[in-house]
Amino acid sequence: MLPGAGRSVDVEVLVAGVKWNRSFAPKVSKSTAFVMGRKDRYGRPVRGYQAAEVTVSYVYDTVYMSVGDRLRAFGERGVLRGVDGGASGNI
């Protein structure tokens, strides 16, 4: 598991204008393969090496810290408050 018991690890790959998204369980030493379809976002053939933009995001549950805990809360994960007063959302 990743530090802090994250919810998931999201990976986005962008090659030749084509975006590929996948979400994984938060486990150590996870790997995956991306196979490009050899066409750009308009369906035109793509030749040779292509630059890839890869984004890895770690998704955590939100945690509510009261104002009285502000010194201890500094630098901790973010906070979202639900309409019913309960903590909700992702960071």
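The values are calculated or read from the model by the stated rules, or taken from the named source; none is laboratory data. Everything numeric here is computed off the predicted structure, so don't read it as measured data. Positions of Cβ are backbone-derived with ideal geometry, glycine not excepted, and every protein chain shown enters the neighbour counts. Areas reflect the complete protein model, heavy atoms only, side chains present, ligands, DNA and RNA absent. Shrake-Rupley method; radii C 1.70, N 1.55, O 1.52, S 1.80 Å.
Going residue by residue through region 51-58, is there one that turns out to be more than 18 Å from the chain's Cα centre (by Cα), surrounded by fewer than 13 Cβ atoms within 10 Å (Cβ to Cβ) and at pLDDT 90 or above?
Yes, because at least one residue in region 51-58 is more than 18 Å from the chain's Cα centre (by Cα), surrounded by fewer than 13 Cβ atoms within 10 Å (Cβ to Cβ) and at pLDDT 90 or above.
Looking at this structure, is residue 22 modelled with pLDDT of 90 or more, in contact with a Gly (Cβ under 6 Å, 6 or more places away or on another chain) and open to solvent by 100 Å² or more (accessible area, probe 1.4 Å)?
For residue 22, the condition - modelled with pLDDT of 90 or more, in contact with a Gly (Cβ under 6 Å, 6 or more places away or on another chain) and open to solvent by 100 Å² or more (accessible area, probe 1.4 Å) - is not met.
Can you go through 85, 75 and tell me which one is loosely packed, with under 11 Cβ neighbours inside 10 Å, out of contact with any Pro (no Cβ under 8 Å at 6 or more places or on another chain) and at pLDDT below 60?
85
Mind listing just one residue for me: the one in region 11-32 that is among the hydrophobic types (A, V, I, L, M, F, W, C) and more than 17 Å from residue 53 (Cβ to Cβ) and, of those, nearest to the chain's Cα centre (by Cα)?
24
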